[in-house]
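Data block below; observations after.
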Amino acid sequence: MSSYVYTVARLRGMENHLLDTAFFSRLMDSASIDDAVKALGETSYSQWITGAGSFDKAIDSEILATCEELASFVPDKELLDIFRLPYDFHNVKVLLKGLFKVRGGDTEGRRYDLISKLGTIDTEELTNAIETEEYGFLPYGLTDLIPACWQLWDATKNAQAVELLIDHQMFKAMLGVAEKLNIPDVTNWVRNKIDAENLRGAIRLARMKYDSAKALPFFHEGGTIRPDDMAKLLNEPQETWSRILSYTDISSVLGALQEQGDMKAALSDVSKALDEYLLKVLEKAKYSMDAPANVLLYLLSKEAEARNMRVALVCVAGGLDREFGRRLLSNGR
Amino acid sequence: MEMLGLSLALFGAALAAALAGIGSAIGIGVAGGAAAGVMTEDPNKFGSCLILQALPGTQGIYGLLIAFFVLNKIGLLGGAGAYALTWNQGLQIFASCLPIGLVGWYSAIWQGRTSAASIQMISKKPEAMGKAIILPAMVETYAVLALLTSILMLMGVQVG
């Protein structure tokens, strides 16, 4: 564990460069996107921004550069994999959906522009593997998952069901990597992430008036709350969920939303609350000088910063309501 | 058998210097790792990091001090040759070396960890340097107490 003393100390130094919500709040006050880009001049994002329209790619480049920098000194690369792995599954979704469209006759269906470079698998290799149907070398159970997705698509033509299958495997893979790492804080975080995703799903399904039996397949295995119990929530009024889940830590998120009288809040607010909760799950690592979970905590803070950057710049570029934008900013740092 | 007393005394001196020295080396290594991490991001913190990194080094010095004390006590430093020690006297000297050997070894490692945490603290709050030094210095208290114990015990041993 002491091999993380250098790593955590370096992360502490890097944390000083993270941009806080006050900065983004000021950024939102920019009169135009050009002014906002100018305001970013002194941040690490400036090296990637080539113009007012390039900020989306610049944000991805900044996170990718952060991952590559961390890879040079973090002893367990699997910690980075846990963070990057969802991007691999996102890419699989994008590629498969494109191919589904192509098979359906839409020759322009491929959306290579949506592929993220943040995954652990080289995007070209992944694209080739999926398009040539040679999945043998793919990690995280993708070798079996992709043919299963094709089978499901051929049988149902239901892209949502395919996405769900991919998400199930993604969380299984994340939990597998975390358990292999054998760092309790990280495993606990993955389990809480699964809970958060399930809760987000439950709120969405409740609004769509799903009952528990119909909703059960939507919940992922591996969280601290069993999918059965999560599905049962749908038979109860939303106001009682916090009490029903009081044996879990995540009930605090529901409790806070309920206190604010915000149970019917926009899903974006719920997502924000859940993202902040997931940061809090790792927060005790802050008080340790050599806890490996600090790596994940830093990456999540960086991701929250990137999310805030996107919100602020989209608000400025699209001339959206600033107050609404400020509500979406999360307290990553 | 007539050399057993001298051997025990020398073994004690060796333990005092070696255990405390090993502890200090580990402690400084841990704090050094943290210092390197912080300085990678901000080289200007070298001065503060150096002070905090050096703190776990004192146990090694205390161990060396006791080793010198023992060597002087048994006459090995004067050039006139060692005194003839009974096994009982040798055992007393050996026992006197244990406090600084054991406490020095263990406290240096923990002081190193506390120093590393303090180095991380000044990375975020450079203005808290004073507090950052006090925290690892608290660990030092017990190394000093062990040093005093070893000195008092050695002073009580009658040889020559």
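Normalised by the number of residues in chain A, what is the relative contact order in percent for Cα pairs under 8 Å and 6+ residues apart?
26
Computed about its Cα centre, the charge dipole of the stretch A:187-333 is approximately 300 debye, with only Lys, Arg, Asp and Glu carrying charge at their Cβ. In this structure, A:Phe137 and A:Ala213 have a Cβ-Cβ separation that, at R0 = 56 Å, corresponds to a calculated FRET efficiency of about 0.90. Counted over all Cα-Cα pairs of chain A, pairs farther apart than 34 Å make up 29 percent. Pairs exceeding a 24 Å alpha-carbon distance, out of A:Lys117/A:Lys214; A:Lys117/A:Lys302; A:Lys193/A:Lys272: A:Lys117/A:Lys214. About the centre of its Cα atoms, the protein assembly as shown shows a dipole size close to 960 debye [charges on the beta carbon of Lys, Arg (+1) and Asp, Glu (-1) only; nearest 20 debye].
Other residues lying with their Cβ under 13 Å from the Cβ of A:Arg191 contribute a combined charge of -3, Lys and Arg counting +1, Asp and Glu -1.
Given a cut-off of under 8 Å on Cα pairs at least six residues apart, what relative contact order in percent is computed for the stretch A:17-86?
16
The string of couplings for the stretch B:109-126 from the Karplus curve (6.51, -1.76, 1.60, θ = phi - 60°) is 5, 5, 5, x, 5, 5, 4, 4, 5, 5, 4, 5, 5, 6, 5, 8, 10, x Hz, one whole number per residue in order, with x for Gly and Pro. Along the positive direction of the dipole of the stretch A:1-132 (beta-carbon charges: Lys, Arg +1; Asp, Glu -1; about the Cα centre), which of A:Ala65, A:Leu18, A:Gly105 reaches farthest? Checking the options against the dipole of the stretch A:1-132, the answer is A:Gly105.
When Lys and Arg each count +1 and Asp and Glu each count -1, what net charge do the other residues less than 11 Å away from A:Ala65, Cβ to Cβ, add up to? With Lys, Arg at +1 and Asp, Glu at -1, the net is -2.
Size descriptor for the stretch A:1-91, Kirkwood hydrodynamic radius: 15.2 Å (Cα pairs only, one decimal).
If you run the Gaussian network model on chain A, springs between alpha carbon atoms under 10 Å, then out of A:Arg103, A:Arg12, A:Arg204 the most flexible one is A:Arg103.
Could you grab the relative contact order for the stretch A:209-333? Cα pairs under 8 Å, six or more apart, rounded to a whole percent. With pairs under 8 Å counted, the relative contact order is 16 percent. Among B:Gly60, B:Gly29, B:Gly104, the largest mean-square fluctuation in a Gaussian network model of chain B, built with springs joining Cα atoms closer than 10 Å, belongs to B:Gly29.
With a 10 Å cut-off around each Cβ of B:36-47, the average count of Cβ atoms from other chains is 4.
A short reminder: the numbers here are calculations on the coordinates, not readings from a lab. Keep in mind the model is a prediction, meaning the values are calculated, not measured. Note that each Cβ is placed from the backbone with ideal geometry, even for glycine, and that neighbours are counted across all protein chains shown.
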